[in-house]
Amino acid sequence: MNNDNQPQRSSGVSLLPFLIFVGLYLGIGIYLSGQGVEMAFYQFPILVACLVGILSAFFLHKGDMNSKLNNLVAGMGDTDIMIMCLIYLLAGAFSASADAIGGVESTVHLALTYIPAQFLVAGVFIISAFLSLAMGTSMGTIGAVVPIAVPLAVASNLNVYLMVGAVLGGAMFGDNLSVISDTTIAATRSQGVEMQDKLRMNFKMAIPAAIITVILLLVFGRPETTPAIEKFDFNIVKIIPYLFVLISALCGMNVFVVLAGGVVLNGIIGIATGAIGFIEFTGAMGKGMMGMAEIFILSILVGGLASMCRADGGFDWLIRKLSSGVKSSASAQLSIGGLVSLVDLAAANNTVAIIISGPIAKDLSNDFKVDPRRSASLLDAFSCVFQGIIPYGAQVLLAISLTSEKAGVVLNPLQIIPNVWYCLLLAVFLILSIFVPYADGAIKKDPWNYEYDCKESEVEEKKQTLASE
């Protein structure tokens, strides 16, 4: 084995570049928030914070410059990172082209046309859940539904906080489960598992939480006065690409085929119905792909930074610290959930939280025999729980901004949290599933081959690390 790749004695100092990255982003966000800046946690570019972390690794880590650079580039070009980035591009192309042909508008209008007025809040939750499941974006769902739903809530004397909570809950339902959601892509690729396996596990926790949410909203969300819901224009044909993506993904079709097929369907339907021309369609695809540029670059940079920290022993040190209180698979799962939750609270971005936590969760799951399909499910679900309720997260802030703009109602972000019932219930089912593994049926029938999953070089490195200590 080359000396440049010899494992270093693990130390907490090796994780300082990661802490600099997260601390810089979090610190500036807190400072700007204290200054009253809107969307404070989104003003300082996270790519810059990550780059500072990488540069600090070159100064703080051991070894010569060439070995550090090799570790950085090897992590940036990791197969799972590259596959993740390609899926991001296809997901962006599909989502933007579906929006451009009128798929989002038709979906919302179709649902609102046929929802009975007395079931408005529960119906809005279902609309948001389906739309985010189809679009793969909680932000896009909130932007499409809140401007319509909140004025209806005001006209019906409904609790506006409850209505916004229903939209947020539905939006996070799809963010957690959609095959084109960046959180799903990041969680599955970081753990090296197939998308449909992770989705099947998440459904067993998300569906009970969603059903209970709908029941509660039907009971407590009845309007005092029945609003007049107008008949909206829609074209059901434009919803077909969404249905294709959802059904084919759940049937286990390869994600590249699913997304490419969805994009082609968008083009055929959009051009055939006259909703969009060929040039406009390709322009929408390009815009959608460019909309993924930040998360694309961040995934590559974080992959490189994680590789540097792992090579210098930082991850081994952290795993030992996390493992000190871990006695079983259940406590390891709690550690994974707690880790991604804390990072999400710090970064206020669930995709970023998964990208940062993913490599550590992978090592922890290997050490304590937590099925990686399970760890992917935990990463995605726990991050979505907190992203839907943190008062300084983009989702809550966007909902508040649109509510003020469209209905003239100013909301207190802290009062929204108790009304996002879906996220709170999902947290309950998540924790329950750790101690009562009712969601593990599929992985019990098809256990993970840990020996196959662990590379020979990694086994040898771990042996040498333990021997040196």
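Quick check on this structure: which one of Leu51, Leu60, Leu15 is over 30 Å from Ser404 (Cβ atoms), of a type outside the set (Lys, Arg), within 27 Å of the chain's Cα centre (by Cα) and open to solvent by 60 Å² or more (accessible area, probe 1.4 Å)? Full working, then the answer.
Working: Leu60 fails: within 27 Å of the chain's Cα centre (by Cα); Leu15 fails: open to solvent by 60 Å² or more (accessible area, probe 1.4 Å).
Result: Leu51 is the single residue among Leu51, Leu60, Leu15 that is over 30 Å from Ser404 (Cβ atoms), of a type outside the set (Lys, Arg), within 27 Å of the chain's Cα centre (by Cα) and open to solvent by 60 Å² or more (accessible area, probe 1.4 Å).
For the stretch 111-122, which residues satisfy the criterion of being surrounded by fewer than 19 Cβ atoms within 10 Å (Cβ to Cβ) and in contact with a helix residue (DSSP H, G or I) (Cβ under 7 Å, 6 or more places away or on another chain)? Give the derivation first.
First, pick out the residues of the stretch 111-122 that are surrounded by fewer than 19 Cβ atoms within 10 Å (Cβ to Cβ): 113-119.
Across the stretch 111-122, the qualifying residues are Ile115, Phe119.
Of everything in the stretch 31-42, what is farther than 19 Å from Ala399 by Cβ and surrounded by 14 or more Cβ atoms within 10 Å (Cβ to Cβ)? Give them in sequence order.
Selection gives Leu32 alone.
Just the residues that are modelled with pLDDT of 75 or more, open to solvent by 50 Å² or more (accessible area, probe 1.4 Å) and assigned to a helix (DSSP H, G or I), please, taken from the stretch 216-263.
If the condition is that a residue be modelled with pLDDT of 75 or more, open to solvent by 50 Å² or more (accessible area, probe 1.4 Å) and assigned to a helix (DSSP H, G or I), then Leu216, Leu218, Val219, Phe220, Ile236, Val237, Ile240, Leu243, Phe244, Ile247, Phe256, Val257 are the ones that fit.
Those residues that are over 17 Å from Val352 (Cα atoms) and in contact (Cβ under 8 Å) with a residue 12 or more places away in the chain, I need them from the stretch 16-42; list them, please.
Those that are over 17 Å from Val352 (Cα atoms) and in contact (Cβ under 8 Å) with a residue 12 or more places away in the chain: Leu16, Leu32, Ser33, Glu38.
Restricting the stretch 320-347 to residues that are part of a loop (DSSP other than H, G, I, E, B) and touching a helix residue (DSSP H, G or I) at 6+ places or on another chain (Cβ under 9 Å), which is least open to solvent (accessible area, probe 1.4 Å)?
Val326
Can you confirm whether Arg310 is touching a Pro at 6+ places or on another chain (Cβ under 8 Å), part of a helix (DSSP H, G or I), open to solvent by 20 Å² or more (accessible area, probe 1.4 Å) and not polar (S, T, N, Q)?
Details: touching a Pro at 6+ places or on another chain (Cβ under 8 Å): yes; part of a helix (DSSP H, G or I): yes; open to solvent by 20 Å² or more (accessible area, probe 1.4 Å): yes; not polar (S, T, N, Q): yes.
Judged against the criteria, Arg310 is a match.
Does Lys406 satisfy the condition of being of a type in the set (Lys, Arg) and at pLDDT below 85?
Working: of a type in the set (Lys, Arg): yes; at pLDDT below 85: yes.
In short, yes.
Would you mention how many residues in the stretch 264-282 are assigned to a loop (DSSP other than H, G, I, E, B) and loosely packed, with under 14 Cβ neighbours inside 10 Å? Can you show your working first?
Of the stretch 264-282, the ones assigned to a loop (DSSP other than H, G, I, E, B) are 273-277.
Within this subset, residues satisfying the condition of being loosely packed, with under 14 Cβ neighbours inside 10 Å are 273-274, 277.
Total meeting the criteria: 3.
Quick one: which residue in Val121, Val154, Val150 is part of a helix (DSSP H, G or I) and modelled with pLDDT of 85 or more? Can you show your working first?
Numbers: Val154 fails: modelled with pLDDT of 85 or more; Val150 fails: modelled with pLDDT of 85 or more.
After applying the criteria, what remains is Val121.
Looking at (1) without any contact (Cβ under 8 Å) to a residue 12 or more places away in the chain; (2) farther than 30 Å from Asp99 by Cβ, find the lone condition where Leu305 falls short.
Single failed check for Leu305: (1).
Anything in the stretch 400-414 that is more than 18 Å from Gly29 (Cβ to Cβ), open to solvent by 40 Å² or more (accessible area, probe 1.4 Å) and among the hydroxyl-bearing types (Ser, Thr, Tyr)? List them, or say none.
Ser404
Among the residues of the stretch 363-386, count how many are closer than 18 Å to Asn202 by Cα and assigned to a helix (DSSP H, G or I).
Residues of the stretch 363-386 that are closer than 18 Å to Asn202 by Cα, as a first pass: 365, 370-386.
Then keep just the ones that are assigned to a helix (DSSP H, G or I); that gives 365, 372-386.
Going through the stretch 363-386 one residue at a time, the tally reaches 16.
What number of residues within the stretch 85-103 satisfy the criterion of being open to solvent by 10 Å² or more (accessible area, probe 1.4 Å) and either assigned to a helix (DSSP H, G or I) or on the phi < 0 side of the Ramachandran plot (or both)?
7
Restricting to the stretch 134-160, name every residue that is touching a Ser or Thr at 6+ places or on another chain (Cβ under 6 Å), buried (at least 24 other Cβ atoms within 10 Å of the Cβ) and either more than 20 Å from Thr184 (Cβ to Cβ) or not polar (S, T, N, Q) (or both).
Matches in the stretch 134-160: Met135, Gly136, Val145, Val150.
With the condition kept exactly as written, say whether any residue in the stretch 29-39 is among the hydrophobic types (A, V, I, L, M, F, W, C), farther than 30 Å from Val179 by Cβ and at pLDDT 90 or above.
Filtering the stretch 29-39 down to residues among the hydrophobic types (A, V, I, L, M, F, W, C) leaves 30, 32, 37, 39.
The next check asks that each one be farther than 30 Å from Val179 by Cβ; those that pass are 30, 32, 37.
Right, trim to at pLDDT 90 or above and you get none.
The answer is no, given that none of the residues of the stretch 29-39 is among the hydrophobic types (A, V, I, L, M, F, W, C), farther than 30 Å from Val179 by Cβ and at pLDDT 90 or above.
Only residues that are open to solvent by 30 Å² or more (accessible area, probe 1.4 Å) and β-branched (Val, Ile, Thr): list them for the stretch 348-399, please.
none
The values are calculated or read from the model by the stated rules, or taken from the named source; none is laboratory data. None of the values given here were measured: they were computed from a predicted structure. Neighbour counts are summed over all protein chains in view; Cβ atoms, including those assigned to glycine, are modelled from backbone coordinates with ideal geometry. Areas reflect the complete protein model, heavy atoms only, side chains present, ligands, DNA and RNA absent. Shrake-Rupley method; radii C 1.70, N 1.55, O 1.52, S 1.80 Å.
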